[in-house]
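Engineer: I'd like to ask you about the structure that follows.
No value in this document is a laboratory result; all are computed from the given coordinates. Keep in mind that what you see is a predicted model, and the values were worked out from it rather than measured. Heads up, the Cβs are rebuilt from the backbone with ideal geometry, glycines too, and the neighbour counts pull from every protein chain shown.
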Amino acid sequence: MSNYYARQNKPRVVDNKPKQPTESQIQQAVIEWCGLQQYKGRPLAYYVAHVPNGGNMSARAGNKLKKEGVQKGYPDLLMDIPKGGYHGLRLELKRLNGGVVSKEQKERISVLLEEGYQALVVRGYDETVKAIQEYLNLDQ
C-alpha cells in the first residue's frame, strides 16, 4: 500500500462517523502506486491516463471540454497495454461505500467490452490495484 493511500485512507471522524476516501483520493493513490511499479523498464504510470469527464466545473469550461471530445460515461482510468486478447484496460472508480454507476457509464462499459477492452467498475483502492495486477498477469 502506498504511503499516500495510508495517509489519505486514515478514517477521519466527523460526528462519530468515519469518512471514506473520495474517488479523487483513491485515484491519486492508485496513480502513485502505478508510479512505483515497473512495466517494460518504465513506471506503470507511464501507461495509465485519466480522462476528466466529470466533476464540478463551470458551464463555460464544460462546453469547451465537450467541444474537445469529453463524453459522459467514459471510464476514469485508461491503461493502454494489450493483454489476454484485450486492447487495454478501462476502469471506472467508485468509493467503497457509495458511488452510483450512471446509465452512461454502464453503456460505455458495455461498448468498450464489445470493442475488445477489459472495462470494469472498481470500488476503493484495494479492488482497483487488484484489478490492475490481475490484468497485467493475463497472457499476451
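Engineer: Which net charge results when you count Lys and Arg as +1 and Asp and Glu as -1 among the other residues whose beta-carbon is under 15 Å from that of THR128?
Structural biologist: -2
Engineer: What's the tally of Lys pairs in the chain whose alpha-carbon atoms lie under 26 angstrom apart, where the two lysines are 8 or more places apart or on different chains?
Structural biologist: Lysine pairs meeting both conditions in the chain amount to 29.
Engineer: Something else now. Using the Karplus curve 6.51 cos²θ - 1.76 cosθ + 1.60 with θ = phi - 60°, work out ³J(HN,Hα) for each residue of segment 74-91 in order, rounded to whole Hz, and write x for Gly and Pro.
Structural biologist: 5, x, 5, 10, 10, 10, 9, 10, x, 8, x, x, 8, 6, x, 10, 10, 10
Engineer: With the convex hull built on the Cα atoms of segment 22-66, state its orientation-averaged projected area in nm².
Structural biologist: Here the figure is 3.9 nm², rounded to one decimal.
Engineer: Among 61-67, 82-88, 21-27, how do they line up from the highest to the lowest mean number of other beta-carbon atoms within 10 Å?
Structural biologist: Sorting 61-67, 82-88, 21-27 by mean packing, highest first, produces 21-27, 82-88, 61-67.
Engineer: Let me ask another. What's the local net charge at VAL111, with K and R +1, D and E -1, over the other residues with C-beta under 11 Å away?
Structural biologist: Every neighbour counted, the sum reads -1.
Engineer: Hey, with R₀ at 22 Å, roughly what FRET efficiency would SER58 and ARG95 work out to, going by the Cβ-Cβ distance, to 0.05? Show your work: numbers first, answer last.
Structural biologist: Working: r = 25 Å, r/R0 = 1.12.
Efficiency computed from Cβ-Cβ geometry: 0.35.
Engineer: Now for a separate question. Taking the Cβ of MET57 as the centre, find all other residues whose Cβ is under 11 Å away and add up their charges (Lys, Arg: +1; Asp, Glu: -1).
Structural biologist: Charge balance near MET57 sits at +3.
Engineer: With charges only on Cβ, +1 for K and R and -1 for D and E, what is the dipole size of the chain about its Cα centre, in debye, rounded to 20?
Structural biologist: Using Cβ point charges on Lys, Arg, Asp and Glu, the chain gives about 560 debye.
Engineer: Rounded, prolate or oblate: which fits the chain when a ≥ b ≥ c are the square roots of the eigenvalues of the alpha-carbon gyration tensor, with rounded for a/c under 1.5 and prolate only if a/b beats b/c?
Structural biologist: Judged from the Cα gyration tensor, the chain comes out oblate (a/c at least 1.5, b/c at or above a/b).
Engineer: In addition: How large is the helix-only mean residue ellipticity at 222 nm for the chain, computed as the sum of -39500 (n - 2.57) over DSSP H runs with n ≥ 4, divided by its residue count, in deg cm²/dmol to the nearest 500? Write down the numbers at each step before the final one.
Structural biologist: Numbers: 5 runs with 55 residues, N = 140.
Roughly -12000 deg cm²/dmol at 222 nm, from the helical runs in the chain.
Engineer: Follow-up question, since we're still on this one. I need the fraction of alpha carbon pairs in segment 15-89 separated by more than 18 Å, rounded to a whole percent.
Structural biologist: The calculated P(r) of segment 15-89 puts 57 percent of pairs beyond 18 Å.
Engineer: I would also like to ask the following. Please work out the FRET efficiency for the pair LYS106 and LYS66, using the Cβ-Cβ distance as r and a Förster radius of 22 Å; give the result to the nearest 0.05.
Structural biologist: About 0.60, to the nearest 0.05.
Engineer: How many angstrom lie between the C-alpha centres of segment 23-47 and segment 84-134?
Structural biologist: Using only Cα atoms, the two centres lie 16 Å from each other.
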